[in-house]
1. Would you confirm whether or not region 37-46 contains a residue that is over 19 Å from the mean Cα position of the chain (by Cα) and of a type outside the set (A, V, I, L, M)?
2. Go through A140, A148, A127 for me and flag whichever is touching a helix residue (DSSP H, G or I) at 6+ places or on another chain (Cβ under 6 Å) and buried (at least 16 other Cβ atoms within 10 Å of the Cβ).
3. If you check T85, T80, which single one turns out to be without any contact (Cβ under 8 Å) to a residue 24 or more places away in the chain, of a type in the set (S, T, N, Q) and open to solvent by 30 Å² or more (accessible area, probe 1.4 Å)?
4. With region 123-205 as the region, which strands (runs of 3 or more DSSP E) entirely inside it contain at least 1 residues that are at pLDDT 85 or above and among the small types (G, A, S)?
5. Output the residues belonging to region 88-115 that are open to solvent by less than 50 Å² (accessible area, probe 1.4 Å), of a type outside the set (D, E) and within 17 Å of L46 (Cβ to Cβ).
6. For the subset of region 1-32 comprising residues that are at pLDDT below 90 and surrounded by 14 or more Cβ atoms within 10 Å (Cβ to Cβ), which member is nearest to Y64 (Cα to Cα)?
7. Report the residue count in region 33-72 for those that are touching a residue at least 60 places away in the same chain (Cβ under 8 Å), surrounded by fewer than 18 Cβ atoms within 10 Å (Cβ to Cβ) and small (G, A, S).
Amino acid sequence: MAAMLWLACLSWAPLAQALQMSLLPHGGYHIAPGGLLLVDLNIAGLQSGGLNTELGVFHLDLYYDPDLLFYLPGASGWGTALGRTDGGAEALAFADASMPGLLRLDEVSLLDGLTLGQLQGDSFRLATLAFRVTMPPGPAPANTILFADDILLADAGGNLIPVALDQPPVLILQVPEPGTLALLGLGMAALAWQRRRPNLPPGRA
């Protein structure tokens, strides 16, 4: 009877949500050569997922197509939920893009757990990553994928946080077909030619 009562209580208990990390692009899921791609790296579920902890350290490897995307460190930025990284000795952050197609992200907070708990909600931004969309050497692909792997999380004391993600952080972006790009280029060339034409009197065109 006691076992049945315990099982019944478990069945009424709310299910804990798993930890979530996401890659969210600014301005939609379509990119084109020559444009700028901004992607937010977010985390959620440190509280609602049943972990009830703060985040003090994180590491992940982000993979992308180096023929299509070029990482721009100067246009990228870190979130402030682990402390400010622009001085003040609150957090140390590193982005290593020395290997083509691989971006290694590391951030270590220098704040205590209580302060981090006040800075962090259940969901917050870890970083905003900037890429220039380049023209690939061959035909442009129909889409491209960014995904994160080798994710390590720890609290303010350096204790590892178990990573049980609903799904791995994956971002699929669509690239315009080469025919669409060619039409766009022709349209721009025609517009430029029209603007450079001299203004002729009526009947002289």
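1. Going through region 37-46, the residues over 19 Å from the mean Cα position of the chain (by Cα) turn out to be none.
Taking every residue of region 37-46 in turn, none turns out to be over 19 Å from the mean Cα position of the chain (by Cα) and of a type outside the set (A, V, I, L, M).
2. Working: A148 fails: touching a helix residue (DSSP H, G or I) at 6+ places or on another chain (Cβ under 6 Å); A127 fails: touching a helix residue (DSSP H, G or I) at 6+ places or on another chain (Cβ under 6 Å).
None of the others qualify; the one that does is A140.
3. Details: T80 fails: without any contact (Cβ under 8 Å) to a residue 24 or more places away in the chain.
Checking each option against the conditions leaves just T85.
4. Working: elements: 123-133, 143-154, 170-174.
Where strands (runs of 3 or more DSSP E) fall fully within region 123-205 and carry at least 1 residues being at pLDDT 85 or above and among the small types (G, A, S), they are 123-133, 143-154.
5. A91, S109, L111, G113, T115 - these are the residues of region 88-115 that are open to solvent by less than 50 Å² (accessible area, probe 1.4 Å), of a type outside the set (D, E) and within 17 Å of L46 (Cβ to Cβ).
6. Pass one, region 1-32, residues at pLDDT below 90: 1-19.
Restricting the remaining residues to those that are surrounded by 14 or more Cβ atoms within 10 Å (Cβ to Cβ) gives 17-19.
Details: Q17: 28, A18: 25, L19: 23 Å.
Checked region 1-32; the qualifying residue nearest to Y64 (Cα to Cα) is L19.
7. Result for region 33-72: 3.
The values are calculated or read from the model by the stated rules, or taken from the named source; none is laboratory data. Owing to the predicted nature of the structure, the values given are computational and were not obtained by experimental measurement. Positions of Cβ are generated from backbone atoms using ideal geometry, with glycine treated the same way; all protein chains shown enter the neighbour counts. The accessibility values were calculated without ligands, DNA or RNA, using every heavy atom of the protein model including side chains. Shrake-Rupley method; radii C 1.70, N 1.55, O 1.52, S 1.80 Å.
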